[in-house]
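In what follows, a structure is listed as structure tokens, so that the remarks can point back to it.
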Amino acid sequence: MQCLSDRGDPTLFTDENGKTDILSLTLPELEAQILEMNEKKFRASQIYKWLHQRRVTDFDSMTDISAQLRDRLKEKFCIKSLFVVKRLESKRDNTVKYLYRLSDGNHIESVLMEYEHGNTVCVSTQVGCKMGCRFCASTIAGYKRDLLPSEILAQVYTAERESGRKIGGVVLMGIGEPLDNFDNVVRFLELLSCKDGMNMSLRHVSVSTCGLVPKIYELAKLDLAITLSISLHASDNKSRSEIMPVNDRYDINELLKACRDYFKATGRRISFEYALIDGHNDSREDAERLAKLLGNFVCHVNIIPVNKIKERDYRSDRRSAQRFRGYLEELGINATVRRTLGADIDAACGQLRREYEI
Ligand code: SAH
């Protein structure tokens, strides 16, 4: 992996009191700052381990650091943490949904899901979203700001601590468009996979995008081991533009060209998400067009019966999804229907925050 710490200036991660967000710093950056304070370099790895392995949220818990250095750290740095405002646990399948408050009073959501192979957490990357997808609750009240790398990471750490369950995977499919917060997301991936921190293999991480084409090319250059998921949701430009305004900027042809390039550069199979909406994109003809588009791709299609949100009248169900999957299989396209988790707790992202903020 390219040294991602070259990306962006760490002094940008400074709060209104001039304190640096220490959880967003990579180990080499923290070392540089500790040396600047005329302290020994090894202090930086001690502090990094307190933050990323023992996950303390205040400097006074760092018991092998002298009180004097702890005071100096408090002057220079802040530790971002999340406040759990609400926790909803599904009675059906152990899915837990968290509503977190950020230090500036904004709210975000994460969802912890249990699969056969372990626990995965779905994290948010922005407060709100600019993309305007018609069926998505995250975008309705618009966009407020990007999340810091620390604020994305803290969603993983807090869910693990709060649930007592070991987290083995992360999907960037919560509120926000990850590739619209590119540098912070890439820095988050570096922190998450750092061997002195959580040490998660990027093979267990999926990044989902509505299709910001220039950023897909940029991501391809980094050659990360992540799975790229593309929210396709339609098989022609007209019906995609009706539900996804981003399609007017980058249409299906440009998007699939970028995906081909991504596969060539990384050798990684792409996953296409297809939110099925009754009467909009669920016909046999839609399946045929989709099969034609994806025919020569090494890919996988994930069909999601659209989650109902109260602002819109889109609907679907598992039966339609299975029927659509049948069409695709007949046409030689590898497809699955996504398991519906947390149906009793409105686990579609953005719904809880909407209820809480408005
Ligand atoms: N912005 C990114 C990631 C966030 S959404 C993206 O667009 O990919 C994660 C996935 O959930 C996307 O595929 C998104 O299109 C889908 N999604 C959003 N609202 C949904 C809903 N009501 N029903 C089904 N899928 C939905």
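Worth pointing out:
- Some residue of segment 236-256 being open to solvent by less than 10 Å² (accessible area, probe 1.4 Å), closer than 30 Å to residue 54 by Cβ and among the β-branched types (Val, Ile, Thr): no
Each row is one residue, and each column tells you yes or no for (1) assigned to a strand (DSSP E or B); (2) more than 22 Å from residue 197 (Cβ to Cβ); (3) open to solvent by 60 Å² or more (accessible area, probe 1.4 Å).
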position	(1), (2), (3)
73	no, no, no
81	no, no, no
88	yes, yes, no
94	no, yes, yes
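- Selection count, segment 171-204, where residues are aliphatic (A, V, I, L, M), more than 18 Å from residue 23 (Cα to Cα) and more than 13 Å from the ligand (Cβ to nearest atom): 1
- Out of 127, 85, sole residue that is in contact with a His (Cβ under 8 Å, 6 or more places away or on another chain), within 16 Å of the ligand (Cβ to nearest atom) and at pLDDT 95 or above: 127
- Lone unmet requirement of (1) of a type in the set (A, V, I, L, M, F, W, C); (2) at pLDDT 95 or above; (3) not in a strand (DSSP E or B) for residue 112: (3)
- Restricting attention to segment 152-166, the residues being part of a helix (DSSP H, G or I) and farther than 17 Å from residue 194 by Cβ number 5.
- Residue in segment 10-39 that is surrounded by the fewest Cβ atoms within 10 Å (Cβ to Cβ), counting only those that are in contact with a strand residue (DSSP E or B) (Cβ under 9 Å, 6 or more places away or on another chain) and not in a helix (DSSP H, G or I): 17
The values are calculated or read from the model by the stated rules, or taken from the named source; none is laboratory data. In this text the structure is predicted, and so the values were computed from the model without any measurement. Neighbour counts run over all protein chains shown; Cβ positions are idealised from the backbone, glycine included. Areas reflect the complete protein model, heavy atoms only, side chains present, ligands, DNA and RNA absent. Shrake-Rupley method; radii C 1.70, N 1.55, O 1.52, S 1.80 Å.
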